[in-house]
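The values are calculated or read from the model by the stated rules, or taken from the named source; none is laboratory data. If you're wondering where the values come from, they're calculated on a predicted model, not measured in any experiment. Don't worry about glycine lacking a Cβ; one is built from the backbone with ideal geometry, like all the others, and counts go over all protein chains shown.
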Amino acid sequence: MLKITDNEFNRLVSFMRERYGINLSHKRTLIEGRLGNMLFERGFKNYDEYLDCCMNDRSGKELDGLLIKLTTNHTYFMREPEHFTYLTSTVLPFIKQTNARSKTMRIWSAGCSSGEEAYTTAMHISEFLGSEKSSWDTRILATDISLKTLAGAQNGVYLESGLTDLPPGWLEKYFDRIDSEKCKVKPALRNEVIFRTFNLMEPIPFKKAPFDLIFCRNVMIYFEMETKLALVKRFYDVLRPGGYLFIGHAESIPRDSTDYEYIKPAIYRRPLK
């Protein structure tokens with residue numbers, strides 16, 4: 001396993017922080033553990049050579065591989081179920097009432113990883129609207145920095161063992177069985193989720209209309225406070241008045257440093273006025 005030098009470590013940490021906002025300054029052991037053997041097996045002489053390769057690869061595959069190695073894309077259907085309870089009881093009724101004329105719901109799953117969050121949200125919307133759903137535009141924007149991860153999410157194939165937390169009947173209603181182990185999200189539901197690559201450190205280009213709800217859960221755990229506050233400010237600017245921001249339960253936003261209303265743990269709201 002290749003060991004990383006101090007200069008190489010500082011270069012990699014600086015690159016990840018400046019490009020993606022990800023702070024790995026205390027993750028030296030993680031970096032060596034996740035990259036050391038791979039670099040050795042691929043014949044790289046050192047970490048600088050590998051980082052040069054990532055930065056010079058125009059296909060983006062090397063950099064994508066680096067991101068996947070150094071970040072955790074662990075997620076699952078119905079993760080943090082309190083959010084989906086609140087979504088159904090409070091957020092969706094608010095959106096339905098507010099947007100009764102336009103019949104649109106603009107929801108963003110930021111840092112969507114392998115897609116479970118976006119599809120879980122789409123299923124809850126479908127259940128909430130019921131027979132009215134066909135008259136609503138409920139497409140969900142789902143973004144991530146990893147091309148490979150997004151490709152898997154868009155394909156919508158999951159192990160059945162990862163679907164056990166779905167409510168009774170949802171597996172049959174929203175998935176097609178591929179074989180004894182895998183299921184695929186039905187086309188109608190897949191078509192409601194729009195997957196796009198996006199780096200959260202960049203200015204938000206999705207400004208055609210304000211969002212009613214933004215999910216950014218378990219993403220900011222990698223960010224320093226300054227980076228986090230700048231990001232939630234950008235979210236605030238693209239939320240409609242009364243719109244909601246859901247973050248991970250292991251995360252928080254300092255209440256004296258933001259204009260959001262604190263609703264409950266991991267749920268914030270842009271004030272109505």
Subject >> Looking only at region 57-85, and only at residues there that are aromatic (Phe, Trp, Tyr) and over 18 Å from Thr138 (Cα atoms), the one that is surrounded by the fewest Cβ atoms within 10 Å (Cβ to Cβ) >> reply: Tyr76
**OP:** Starting from region 91-104, keep only residues that are part of a helix (DSSP H, G or I), then list their pairs with residues that are polar (S, T, N, Q) whose Cβ atoms are within a distance under 9 Å, requiring at least 6 positions of separation or different chains.
**Re:** Ile95/Thr104
Subject >> Subset of region 87-119 (residues that are of a type in the set (Val, Ile, Thr), over 16 Å from Cys216 (Cβ atoms) and either out of contact with any Asp or Glu (no Cβ under 6 Å at 6 or more places or on another chain) or buried (at least 22 other Cβ atoms within 10 Å of the Cβ) (or both)) >> reply: Thr88, Thr90, Ile95, Thr98
Original post:
Taking region 95-114 as the region of interest, how many residues are at pLDDT 95 or above and either under 30 Å from Ser146 (Cβ atoms) or of a type in the set (A, V, I, L, M, F, W, C) (or both)?
Top reply: 9
Subject >> Residue tally, condition surrounded by 18 or more Cβ atoms within 10 Å (Cβ to Cβ), under 19 Å from Glu62 (Cα atoms) and out of contact with any Phe, Trp or Tyr (no Cβ under 6 Å at 6 or more places or on another chain), over region 1-39 >> reply: 9
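Could you grab me the full set of residues in region 163-199 that are buried (at least 17 other Cβ atoms within 10 Å of the Cβ), in a loop (DSSP other than H, G, I, E, B) and outside the structural domain of Phe215 (by TED's automatic domain parsing)? Spell out the reasoning first.
Here is the first cut: in region 163-199, the residues buried (at least 17 other Cβ atoms within 10 Å of the Cβ) are 163, 166, 170, 174-175, 183, 185, 189-190, 192-193, 195, 198.
Going one step further and asking which of them are in a loop (DSSP other than H, G, I, E, B), we end up with 166, 192, 198.
Passing the criteria: only Leu166.
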Original post:
Got a sec? Which of Phe223, Phe206, Phe195 is modelled with pLDDT of 95 or more and among the aromatic types (Phe, Trp, Tyr)?
Top reply: Phe195
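Considering each residue of region 40-53, count those that are out of contact with any Phe, Trp or Tyr (no Cβ under 9 Å at 6 or more places or on another chain) and in a helix (DSSP H, G or I), and give that number.
So the answer is 5.
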**OP:** Under 6 Å between Cβ atoms, at least 6 apart or on separate chains: pull out the pairs that start in region 115-139 with a residue that is in contact (Cβ under 8 Å) with a residue 60 or more places away in the chain and end on any residue that is surrounded by fewer than 17 Cβ atoms within 10 Å (Cβ to Cβ).
**Re:** Ser126/Lys133
**OP:** Out of Ile22, Ile31, report the one residue that is outside the structural domain of Glu226 (by TED's automatic domain parsing) and part of a loop (DSSP other than H, G, I, E, B).
**Re:** Ile22
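Look through Lys148, Lys186 and report the one residue that is among the basic types (Lys, Arg) and at pLDDT below 95. Steps first, please.
Working: Lys186 fails: at pLDDT below 95.
That would be Lys148, the only listed residue that is among the basic types (Lys, Arg) and at pLDDT below 95.
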**OP:** Answer with yes or no whether Tyr244 is buried (at least 20 other Cβ atoms within 10 Å of the Cβ) and within 30 Å of Leu70 (Cα to Cα).
**Re:** yes
